[in-house]
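The block underneath contains the structure these notes are about, expressed in structure tokens.
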């Protein structure tokens, strides 16, 4: 089964990342980005079915790449790893809750489908009681 993340990954690896590099005057031999890092950007920094946000994240990463490429004592190719991505893009925007995680009493796990993908929700019984009181 092909998921939206798989489609984004294939598009990112074959088209978006090479296009961004050429548009910004960088050559593929100047840096190396692993598949795990590409998947990390897709899963933890973007949340959409399309690729616009992914393109923005690529563009936001490139100034940090320039700073490393322009250093006089740089060893090419530059390795773009998870630490580098966190420096360039900041902390992860989306934290994936695990449904299998042990939850305290009064908390249930829900699943919702949105155009941006599936989302797990943890619903607390106390927050439901608060909503009943407000009604």
Which of the residues belonging to segment 49-64 are exposed (fewer than 14 other Cβ atoms within 10 Å of the Cβ) and touching a residue at least 40 places away in the same chain (Cβ under 8 Å)? 49
Inspect all residues belonging to segment 2-20 and state whether any of them is surrounded by 13 or more Cβ atoms within 10 Å (Cβ to Cβ), modelled with pLDDT under 85 and in a loop (DSSP other than H, G, I, E, B). no
Go through segment 52-66 and count every residue that is at pLDDT below 85 and farther than 13 Å from residue 24 by Cα. 0
Taking only pairs six or more apart or across chains, which ones have beta-carbon atoms under 6 Å, a first residue in segment 33-44 that is at negative phi, and a second residue that is buried (at least 18 other Cβ atoms within 10 Å of the Cβ) and not in a helix (DSSP H, G or I)? 33/80; 37/80
Filter result for the condition that a residue is touching a helix residue (DSSP H, G or I) at 6+ places or on another chain (Cβ under 6 Å), in a loop (DSSP other than H, G, I, E, B) and either within 15 Å of residue 33 (Cα to Cα) or modelled with pLDDT under 85 (or both), over 49, 99, 88: 49
For the subset of segment 62-80 comprising residues that are touching a strand residue (DSSP E or B) at 6+ places or on another chain (Cβ under 7 Å) and assigned to a helix (DSSP H, G or I), which member is nearest to residue 90 (Cα to Cα)? 65
Where residue 26 falls short, out of the listed (1) over 16 Å from residue 77 (Cα atoms); (2) out of contact with any strand residue (DSSP E or B) (no Cβ under 9 Å at 6 or more places or on another chain); (3) surrounded by 15 or more Cβ atoms within 10 Å (Cβ to Cβ): (1)
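The values are calculated or read from the model by the stated rules, or taken from the named source; none is laboratory data. Note that the structure is predicted; figures quoted are calculated from it, not measured. All Cβ positions, glycine included, derive from the backbone under ideal geometry; neighbour counts span all protein chains shown.
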